[in-house]
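Notes follow once the structure below has been shown.
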Amino acid sequence: MGTRGALRWAAIAATVGVVALGGALAAPYLYAEHWARGHPAELSPLPTRPVRGRWFDDYYLVETLDAATYAIGEPRSDQGNYSYLIVGSARAVLFDAGTGKRDIVPVVRSLTRLPVTVVPSHLHFDHVGALGRFDRTALLDSGDLRARASDGTLQLGRYEFMGLYDGLEPPRFRVEEWWRPGQSLDLGGRQLTVLHTPGHTPTSLSLYDAERRQLFCGDFMYPGLLYAFLPGASRSAYRESAARLLALLDSRTTLFTAHLADDPPEIAAPRLQVADLRALHEALTEIARGRARAQGFYPRIFPVRGVVRYGDAFPWNAR
């Protein structure tokens, strides 16, 4: 092969390498676009398996966790979402705002007449359906989010919202409260601590009721495949958040999570335990050390504990 031929093949090889590298680095975005296709938004039929709680209508399922805490489920949504109404004597917090497939406001108003602040665990489409529809809307006080807010309103981005799954456009909504990590919220006779728990997304937050030993953690953990392979996810942040939670939580704490397991024997508010959180931290540590075995190409799926699994990006995407 002559010099010109060698140079030509070297240029082709370099171009292919650059394209392959670009595709690999963009894998979370390419997967998100592909993942969004072929997912119908129709509701599932009413479940025939046992349910815990009472039907508000033919869509919402309300479960009383204690006299001042309610789980509001959407078992007919393909996401199997649960939001949580946390009530004090002076005000209430709705943790997560539902999918928006149905109006959650009447459900909440049937449970309390107190002023309600709604806060999403994170900004994916299936957690922000009712933002701006209650007395106040709160977000994590992260520098990025607050800097982007214009005249008190925030416009979500395409891969921040991920509404392409249901063909939804990113919303814009007003934010009245910015909650700092570590901040204590007084609901009147009930205290919640705001925790920044990135990993699934950069601005994920959880709420901790130390007295009742309840952690409301959104998509940080739930009984299923944990998504750490979409835009904004970070394995190192996941591991650091898990370590901080383990250092903070009472070992008897119940983790109230955002999504039902696939085909659960009973439809009820999805719960995990501190032992599951500890197993997640151990799994993430083993992955970081290169000792864990994965199944699949993308995402790479690692066992955690029971039905909990961790879905990772390529090593060079998994920051």
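The values are calculated or read from the model by the stated rules, or taken from the named source; none is laboratory data. Source: prediction; values computed, not measured. Neighbour counts run over all protein chains shown; Cβ positions are idealised from the backbone, glycine included.
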Practice prompt. Can you confirm whether segment 171-181 contains a residue that is more than 23 Å from PRO115 (Cβ to Cβ), surrounded by fewer than 20 Cβ atoms within 10 Å (Cβ to Cβ) and not basic (Lys, Arg)?
Written response: yes
Response to the item:
Of the residues in segment 58-78, those that are assigned to a loop (DSSP other than H, G, I, E, B), over 27 Å from THR193 (Cβ atoms) and in contact (Cβ under 8 Å) with a residue 24 or more places away in the chain number 6
Worksheet, complete the sentence: Checked against (1) within 19 Å of the chain's Cα centre (by Cα); (2) modelled with pLDDT of 95 or more, LEU168 satisfies every condition except (2)
Item to complete: Could you tell me whether LEU277 is within 22 Å of LEU230 (Cα to Cα) and among the hydrophobic types (A, V, I, L, M, F, W, C)?
Response: yes
Worksheet item: Which of the residues belonging to segment 241-254 are in contact (Cβ under 8 Å) with a residue 40 or more places away in the chain and surrounded by fewer than 24 Cβ atoms within 10 Å (Cβ to Cβ)?
Response: ALA242, ARG244, LEU248, LEU249, ASP250, THR253, THR254
Worksheet item: Looking at this structure, is TYR159 under 14 Å from the mean Cα position of the chain (by Cα) and modelled with pLDDT under 95?
Response: yes
Worksheet entry | Of all residues making up segment 279-302, the number that are part of a loop (DSSP other than H, G, I, E, B) and within 21 Å of LEU255 (Cβ to Cβ) | 0
Practice prompt. Just name the residue that is farthest from LEU280 (Cα to Cα) out of those in segment 305-319 that are at pLDDT 70 or above and touching a Lys or Arg at 6+ places or on another chain (Cβ under 8 Å).
Written response: PHE314
Worksheet item: For segment 79-88, what are the residues that are out of contact with any His (no Cβ under 8 Å at 6 or more places or on another chain) and assigned to a loop (DSSP other than H, G, I, E, B)?
Response: GLY88
